[in-house]
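A short worksheet on the structure shown next.
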Amino acid sequence: MSFPLTDRLVLRELTLDDAAFIHALLNDPDWVRFIGQRDAATVEAARAYIERAYLPLYATEGLGLWAVLRRGETEPLGVCSLLKRDSLDSPDLGFAFLPAGRGHGYAREVAAACLAHALGTLGHARVVAICSPDNAASRRVLEDVGMHFERPVRMSDDGDELCLYVSSAAANA
């Protein structure tokens with residue numbers, strides 16, 4: 001399943017055929033620095049990670065992690081997600097791009113469209129996003145799409161402090 005997102009971008013569900021892309025993304029130095037190491041050291045491990053961590057997400061209506069592609073192209077540039085984490089009270093917006101997808105406004109474009117979708121079409125009253133305090137580019141994208149810093153959070157007792165950004169339907173009305 002794929003669906004148009006913006007004039008330039010399309011989202012589609014990940015498949016096991018995306019293992020090489022996910023391997024590259026999850027081993028990108030910026031992913032490891034800002035998001036953390038995942039069990040995707042090989043393409044085969046990335047395939048297993050897709051099957052275990054991403055494919056089950058599509059069972060929750062409207063939520064998931066999608067490949068981001070330029071219209072008319074077949075190779076993903078990055079991913080965007082709307083996830084419901086147990087540790088957060090609202091759906092969590094996320095995005096990450098390979099180096100070739102950075103610096104073109106794709107993150108801002110996909111984040112704005114997914115935020116509007118979550119608050120509008122899906123009817124969520126609030127959407128959150130978390131990011132590393134050191135990730136200036138992601139923080140700028142979140143602010144550019146109308147999210148505001150609410151407070152620092154830790155996702156686990158031994159986890160690093162992260163920035164929690166928030167947007168609400170009321171603030172966007």
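The values are calculated or read from the model by the stated rules, or taken from the named source; none is laboratory data. Owing to the predicted nature of the structure, the values given are computational and were not obtained by experimental measurement. Cβ placement follows ideal geometry from the backbone for every residue including glycine, while neighbour counts extend to all protein chains displayed.
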Open item on the list: Here are the criteria: (1) free of Cβ contacts under 8 Å to residues at least 12 places away in the same chain; (2) surrounded by 13 or more Cβ atoms within 10 Å (Cβ to Cβ). Tell me which single one residue 39 does not satisfy.
Closed with: (2)
TODO: For segment 145-161, state whether one or more residues are at pLDDT 95 or above, of a type in the set (A, V, I, L, M), in contact with a strand residue (DSSP E or B) (Cβ under 8 Å, 6 or more places away or on another chain) and under 20 Å from residue 28 (Cβ atoms).
DONE: no
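Pick from 25, 9: which is in contact (Cβ under 8 Å) with a residue 60 or more places away in the chain, surrounded by 15 or more Cβ atoms within 10 Å (Cβ to Cβ) and in contact with an Asp or Glu (Cβ under 7 Å, 6 or more places away or on another chain)?
Working: 25 fails: in contact with an Asp or Glu (Cβ under 7 Å, 6 or more places away or on another chain).
Answer to the selection: 9.
Going through 113, 100 one at a time, which residue ends up being assigned to a helix (DSSP H, G or I), without any contact (Cβ under 8 Å) to a residue 24 or more places away in the chain, surrounded by fewer than 21 Cβ atoms within 10 Å (Cβ to Cβ) and touching a Leu at 6+ places or on another chain (Cβ under 9 Å)?
Details: 113 fails: without any contact (Cβ under 8 Å) to a residue 24 or more places away in the chain.
The unique qualifying residue is 100.
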TODO: State whether the residues of segment 105-114 include one that is β-branched (Val, Ile, Thr) and closer than 15 Å to residue 147 by Cα.
DONE: yes
- [ ] Please find, within segment 44-64, the residue that is surrounded by the most Cβ atoms within 10 Å (Cβ to Cβ) out of those that are over 19 Å from residue 25 (Cβ atoms) and in contact with a strand residue (DSSP E or B) (Cβ under 8 Å, 6 or more places away or on another chain).
- [x] 63
TODO: Name, by its number, the condition in (1) over 15 Å from residue 75 (Cα atoms); (2) more than 15 Å from the chain's Cα centre (by Cα); (3) of a type in the set (A, V, I, L, M, F, W, C) that does not hold for residue 19.
DONE: (1)
